[in-house]
Amino acid sequence: MDISKLLNDVNNFVWGPIMLTLLVGTGVFLTIRLKFLPWRNLFYAISMITQRKEKHEGDISPFQSLMTALSATVGTGNIVGVATAMVLGGPGALVWMWVSAAFGLSTKYGESVLAVKYREVNSVGEMAGGPMYAMKHGIGGAFGGLMATLFALFAVFSSFGIGNMTQANSIAAAIHTSFGVSTTVTGAVITLFSLLILVRGIHSIGKVSSIVVPFMAVFYFIAAVIAIGLNFSAVPAGVAEIFRMAFSTDAVAGGVGGTIVASMLTSMRWGVARGVFSNEAGMGSAPIAAAAARTDHPSRQGYVNMTGTFFDTMIICMLTGLVIASSGALGQIDPATGKVVSGANLTILAFKSAFGEAAPIIVSISLALFAFSTILGWEYYGEKSLEYLVSSRAVIMAYRVVFSLITFVGATTTLEIVWNFSDTMNGLMSIPNLICLIWLSKDIANECFTYEEEVVEREKQGEEVEYEGFSTRAG
């Protein structure tokens, strides 16, 4: 039996149309159930990001919690995933990435609300929360316990693959291509930095993420805006082609990518798939970071964390897409392979239209920062999931060390079987999480409407409101 082929087939099924429909469908359901409040309060949510709640329970500030979540979601998907989606799904895939992100706001809000509402304080006084605790306390019984265990197992497996080795491999490959540094040296450096940060726990991860994530986002934002500006004459045609391909039955792209062939359904499939993969709305990973935040109400942190989907997909992914669409690089054939240029190579080619030979350096630095931040965020996700399964602090400390050391393996080895296996585990996390979101949608709605009535309306009028009716349960 060909294990690699079997895993690839399973992975294609897990990330197939049924799963993508469930992910987006849950977002549509919650958006309607919450009376579009996540959409209506988006700017309010952004204004909450830097608000401090020092006297309330939690390990890190709301801002650090969001940056930890963003550190895990803003990764290679924002550079490689967008390029891949535009090749396989045509430029119209960008529109469907936006659509999936719009409904993903409600999904991310809902799962973050449940994470804070049902979080616990563990044996060392730290917050422990996420979908597994919502399943345990919110759904309860044998069924809730089974789902919680499965989710935690899937998350631990995912942390080593999607959250670790694939990211380290991307960093090593990018640094080697642009600077000629051996993967062994890069792997050793990644491992050292990972050990220094991760063994100290969430406080260290939160502090580093609050510095690295804004820096890398601003760096990439500026580079992308400059590239778009230098190619601005091609932007209107590029945007027109993006929308035409998103809804047209004509399967052939025009000036933006003449060799790209993609139907509307194909654009939808790849746009939704890459969008969900990038912002992780519905997977249940980001709420684990939300549960660590100091906050006075589950809904407040729900709003803060849902902005991660906005920044990740609606800003960073869209910038990558516009750089590619305005560059003339989409649809070009690589003379060495005879195939259409895709992935990181397409993004580099697009940036070359504006920055010339400096493009590989810009993209490589961005890719390295994005990928390393993902390693930090996913360690925390894996750690908290393992903590749910095994309460021993010695095991948790061992996990931090082993996770750091595994980055070296990822940086220096290509293991396709590991990639497919961990990708499948990442997708399987979504199943119990989506069931939990629908099952506890009444809880989410009650928290949302209560907060809207007692806090949001007053804060929009300029009042400072401290909600006192929320407390965290003991573990």
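Just so you know, all these numbers are worked out from the coordinates, no wet-lab data involved. A quick note: this is a predicted structure, and the numbers were derived from the prediction, not measured. Every residue, glycine among them, receives a Cβ derived from its backbone with ideal geometry; neighbour counts consider all protein chains shown.
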Ranked list, fewest to most other Cβ atoms within 10 Å of each Cβ, for 307, 73, 413:
413, 307, 73
Treat the count of other C-beta atoms within 10 Å as a stand-in for reagent exposure and order 67, 165 from fewest to most.
165, 67
What longest range of the chain stays clear of loop-exposed GluC sites (Glu not before Pro) (DSSP non-H/G/I/E/B, at most 13 other C-beta within 10 angstrom)?
55-462
Proxy exposure order for 226, 162 (fewest C-beta within 10 Å first) is 226, 162
Find how much the distance from residue 195 to residue 218 grows on full extension, using 0.36 nm per residue of separation minus their present alpha carbon separation; answer in nm with one decimal.
5.7 nm
Taking 0.36 nm per residue of separation and subtracting the Cα-Cα distance, what length does fully extending residue 240 through residue 22 add?
75.5 nm
Run the quick spin-label model on residue 395 and residue 181: label points 7 Å from Cα toward the beta carbon, then report their separation in nm to one decimal.
3.6
Could you work out the relative contact order of the chain, using alpha carbon pairs under 8 angstrom and six or more residues apart, expressed as a whole percent?
35
Kindly point out which whole DSSP H helices in the chain project their C-alpha atoms 27 angstrom or further along the helix axis while averaging a Kyte-Doolittle hydropathy of 1.6 or above.
141-160, 202-230
